[in-house]
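K.L.:
What follows is a structure written as structure tokens; I'll ask about it next.
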Amino acid sequence: QVQLVESGGGLVQPGGSLRLSCVASGSIVSRYSMGWYRQAPGKARELVATISSGAATTYAGSVRGRFTISRDNAKNTVYLQMDSLKPEDTSVYYCNRYPSRIDYWGQGTQVTVSS
């Protein structure tokens, strides 16, 4: 059974940066498209960024130019570099395959942007 474990969240001031990591228990990172998702309180989960097996990337309009998704196949890890953070980026961040699989959701990592 595949497990995805997210880490790297925390409290950061507006304009700050964080780097999230997602470690997979299997080799899915190199084999499939992966995505970062987020869910704010009272809101639906949304797709933030994707990276294909060929390393092509896509971003939601709200984060384009500020977030960068990448992966390290040897480490079975997907990253999300988040710069110029805004209060509206406050959410729990999750990684999953893209499209997502219901049985792959992990606990996520909380990102709070506040002064």
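K.L.:
Quick one: Karplus J couplings for the range 3-19, per residue in order, coefficients 6.51, -1.76, 1.60, θ = phi - 60°, nearest Hz, x for Gly and Pro?
P.N.:
Working through the residues one at a time gives 10, 10, 10, 8, 7, x, x, x, 9, 9, 7, x, x, x, 10, 9, 10 Hz.
K.L.:
I'd like the accessible area for K43: 1.4 Å probe, protein heavy atoms, all chains in place, Å² to the nearest 10.
P.N.:
Probe radius 1.4 Å; accessible area of K43 about 140 Å².
K.L.:
Quick check: residue separation of T57 and K43 times 0.36 nm, minus the Cα distance between them. What number comes out in nm?
P.N.:
Working: separation 14, 0.36 × 14 = 5.04 nm, distance 2.45 nm.
Answer, rounded to one decimal: 2.6 nm.
K.L.:
OK, next. Sequence gap at least 6, Cα distance under 8 Å: using those rules, report the relative contact order of the range 1-49 to the nearest whole percent.
P.N.:
Values: 46 pairs, mean separation 13.8, N = 49.
That works out to 28 percent.
K.L.:
Would you mind checking which residues have amide H under 5 Å from V48's amide H? H placed 1.01 Å from N; only 5 or more apart, or other chain.
P.N.:
For V48, whose amide H was placed from the backbone, the distant partners under 5 Å are W36, Y37, R38.
K.L.:
Based on Cβ point charges of +1 for Lys and Arg and -1 for Asp and Glu, what charge dipole magnitude is obtained for the chain about its Cα centre, in debye rounded to the nearest 20?
P.N.:
Working: 12 positive and 7 negative charges, 35 e Å.
Rounded to the nearest 20 debye, it is 180 debye.
K.L.:
Pairs of Cα atoms under 8 Å, at least six residues apart: use those to get the relative contact order of the chain, whole percent. Please report the intermediate quantities before stating the final value.
P.N.:
Values: 277 pairs, mean separation 43.0, N = 115.
Normalised by residue count, the contact order of the chain is 37 percent.
K.L.:
Please work out the ratio of the alpha-carbon Rg of the chain to 2.2 N^0.38 Å and round it to two decimals. The partial results should precede the final answer.
P.N.:
On the way: Rg = 13.1 Å, N = 115, 2.2 N^0.38 = 13.4 Å.
Cα Rg divided by the expected 2.2 N^0.38 Å: 0.98.
K.L.:
Given a 1.4 angstrom probe, what's the average accessible area per residue across the range 1-100, in square angstrom?
P.N.:
Numbers: 4950 Å² over 100 residues.
Value returned for the range 1-100: 50 Å² of accessible area per residue.
K.L.:
Right, here's the next one. If you restrict to DSSP beta bridges whose two residues both lie in the chain, what percentage is antiparallel, to the nearest 5?
P.N.:
Values: 33 of 36 bridges.
Antiparallel bridges make up about 90 percent of those DSSP assigns within the chain.
K.L.:
Can you list the equivalent-ellipsoid semi-axes of the range 1-58, largest first and in whole Å, using the square root of 5 times each Cα gyration tensor eigenvalue?
P.N.:
On the way: eigenvalues 102, 39, 36 Å².
After diagonalising the Cα gyration tensor, the semi-axes are 23, 14, 13 Å.
K.L.:
Tally up the carbon and sulfur contribution to the accessible surface of the range 1-56 as a whole percent, 1.4 Å probe, everything protein left in place.
P.N.:
Details: 1410 of 2900 Å².
Its accessible area is 49 percent carbon and sulfur atoms.
The values are calculated or read from the model by the stated rules, or taken from the named source; none is laboratory data. Given the structure is predicted, the values throughout are model-derived calculations rather than measurements. Every residue, glycine as well, gets a Cβ built from its backbone with ideal geometry; the counts of neighbours run over all protein chains shown. All accessible areas refer to the heavy atoms of the entire protein, side chains included, with ligands and DNA or RNA removed. Shrake-Rupley method; radii C 1.70, N 1.55, O 1.52, S 1.80 Å.
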